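Single-structure report; data block below.
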Amino acid sequence: MSVAALVAAFRVTPAEADRAARAVERALNGPQAYEPQFFTADEWETVRMLVDLIIPADERSGSATDAGVPEFMDFTLVDRPSGQAPMRGGLMWLDLSCNDRYGRRFVRCSDDQRKEFLDDIAWPDRAPEHTVQGVAFFNSFRDFTASGFFSSKIGVQDVRYEGNVARREWPGCPPDVLQHLGVSYEDEP
C-alpha cells in the first residue's frame, strides 16, 4: 500500500500525509507519551491492537504501533473531520459485533476469537452478507494502517527503499524473480 490508499480511503492529499508523518515522528520522539486528540481511550486501545494485528512485528521490522501508525491515524483524523464518522462508526461496529458474538468488546476477546472474527471480514469475497459494512470499514482501516506504516521510517526501511540512486547500468530483474513470475526477457508481448 502507499499514500495513494490513504488518499483514496480518507481523501488525504500526499502533502497532508507527509505532514502527518512528520508530526507523528515528532510525537514519538518527544519527551512524553502521545495523548490522542480524536480517539477515546477505548478506541485508542482498539486501534493500537488492530493495527498490530494487521502489521505485526517480524524479524525484519517493528509493528504498526512501533511505526507510530495509531498516532498517524489520530493526527490525520483530527486534521480531516470527514474521516471521523466512518472511523468512529467502524470501531463501534467492531465492538458491537464482537459483543453480540462473544459477549465482549474486541480487545477483551481471546486471540482465537479475534482471529476468527477478523478472518470473517478480511476477505471480502468470502465474507458473510451481513458483514458488508464491517468489511468496508476493515478494508479502509487496513489501507489506512498500511499507508501510515509504509510512510514511516520503519516502513520505508522494511521495503528497503533506496531512493533515487543513480545507476550506470541496469542489470534488469534478477533471474530468480523472472523464473518465479514465469517470464523472461526473450518473451514477446
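The values are calculated or read from the model by the stated rules, or taken from the named source; none is laboratory data. Please read these numbers as outputs of a predicted model, since none were measured by experiment. Backbone-built Cβ (ideal geometry, glycine too); neighbour counts: all protein chains shown. Just so you know, the surface numbers come from the protein's heavy atoms only, side chains and all, with ligands and any DNA or RNA stripped out. Shrake-Rupley method; radii C 1.70, N 1.55, O 1.52, S 1.80 Å.
Of the numbered conditions (1) touching a helix residue (DSSP H, G or I) at 6+ places or on another chain (Cβ under 9 Å); (2) exposed (fewer than 15 other Cβ atoms within 10 Å of the Cβ); (3) in a helix (DSSP H, G or I); (4) modelled with pLDDT of 95 or more, Ala8 satisfies every one except a single condition; which is it?
(4) is the only condition that Ala8 fails.
Read through the list (1) touching a residue at least 60 places away in the same chain (Cβ under 8 Å); (2) under 20 Å from Arg114 (Cα atoms); (3) not in a helix (DSSP H, G or I), then give the number of the only condition that Val51 fails.
Evaluating Val51 over (1) touching a residue at least 60 places away in the same chain (Cβ under 8 Å); (2) under 20 Å from Arg114 (Cα atoms); (3) not in a helix (DSSP H, G or I) leaves (3) as the failure.
So which residues in the stretch 94-145 are of a type in the set (A, V, I, L, M, F, W, C), closer than 15 Å to Leu53 by Cα and more than 17 Å from the chain's Cα centre (by Cα)?
Passing the criteria: Phe106, Val107, Cys109, Phe117.
Could you check Phe106 against (1) touching a Ser or Thr at 6+ places or on another chain (Cβ under 8 Å); (2) modelled with pLDDT under 95; (3) over 22 Å from Ser151 (Cβ atoms) and say which number it fails?
So the condition that Phe106 fails would be (2).
I need the full set of residues from the stretch 37-66 which are buried (at least 17 other Cβ atoms within 10 Å of the Cβ) and closer than 18 Å to Glu16 by Cα, in order please.
The one that is buried (at least 17 other Cβ atoms within 10 Å of the Cβ) and closer than 18 Å to Glu16 by Cα: Phe38.
Hey, among the residues in the stretch 70-104 that are polar (S, T, N, Q) and touching a residue at least 40 places away in the same chain (Cβ under 8 Å), which one's surrounded by the fewest Cβ atoms within 10 Å (Cβ to Cβ)?
The initial filter retains those residues of the stretch 70-104 that are polar (S, T, N, Q), namely 76, 82, 84, 97, 99.
Add one more test, that the residue is touching a residue at least 40 places away in the same chain (Cβ under 8 Å), and what stays is 76, 82, 84.
Details: Thr76: 25, Ser82: 10, Gln84: 14.
Out of the qualifying residues, it is Ser82.
Based on what the data block shows, is Val24 surrounded by 20 or more Cβ atoms within 10 Å (Cβ to Cβ), touching a helix residue (DSSP H, G or I) at 6+ places or on another chain (Cβ under 6 Å), at pLDDT 90 or above and not in a loop (DSSP other than H, G, I, E, B)?
Working: surrounded by 20 or more Cβ atoms within 10 Å (Cβ to Cβ): yes; touching a helix residue (DSSP H, G or I) at 6+ places or on another chain (Cβ under 6 Å): yes; at pLDDT 90 or above: no; not in a loop (DSSP other than H, G, I, E, B): yes.
For Val24, the condition - surrounded by 20 or more Cβ atoms within 10 Å (Cβ to Cβ), touching a helix residue (DSSP H, G or I) at 6+ places or on another chain (Cβ under 6 Å), at pLDDT 90 or above and not in a loop (DSSP other than H, G, I, E, B) - is not met.
Among what's in the stretch 111-168 and is in contact (Cβ under 8 Å) with a residue 24 or more places away in the chain and not in a helix (DSSP H, G or I), pick the residue that is most open to solvent (accessible area, probe 1.4 Å).
Of everything passing the filter in the stretch 111-168, Ser151 is most open to solvent (accessible area, probe 1.4 Å).
Please specify each residue of the stretch 27-43 satisfying the condition of being modelled with pLDDT under 70 and not in a loop (DSSP other than H, G, I, E, B).
Correct list: Ala27, Leu28.
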